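> After the structure tokens below, expect a handful of questions from me.
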Amino acid sequence: MTTLLVTNPYDGSLVCELPLDQGADLRRKLDRAVAAKRAWREVSLAERTRSVASAVSLRQACLITDSPAVMANAARLRSAAR
């Protein structure tokens, strides 16, 4: 089985290893992604904006409750991006 190694861009450490989909599983997921894109394209800009803003707010709320190690890593990434 082929896998994808996911590394931390900050320090290059291995975060996880994920199996890569192949064959029918990959085709099914691609078909679902194309259908989702078509459906999303039909949503008004105002609704898409509300949706994305809501997702950002939820993610920010999750960051507040993340572990100290995750928060420290996020701070390092923000600093490196500046």
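None of the figures in this text is laboratory data; all of them are computed from the coordinates on show. Since we're looking at a predicted model, the values are computed, not measured. All Cβ positions, even for glycine, are placed from backbone atoms using ideal geometry, and neighbour counts span all protein chains on display.
> In nm, to one decimal, how far is the ALA55 label point from the ALA36 one, both placed 7 Å along Cα→Cβ?
Modelled inter-label distance: 0.8 nm.
> By how many nm would the segment from ARG76 to VAL6 lengthen if fully extended, with 0.36 nm per residue of separation less the alpha-carbon distance?
So the chain would gain 23.4 nm between ARG76 and VAL6.
> Counting only other residues whose beta carbon sits under 10 Å from that of ASP21, what net charge do I get with K and R as +1, D and E as -1?
Taking every other residue near ASP21 into account, the sum is +2.
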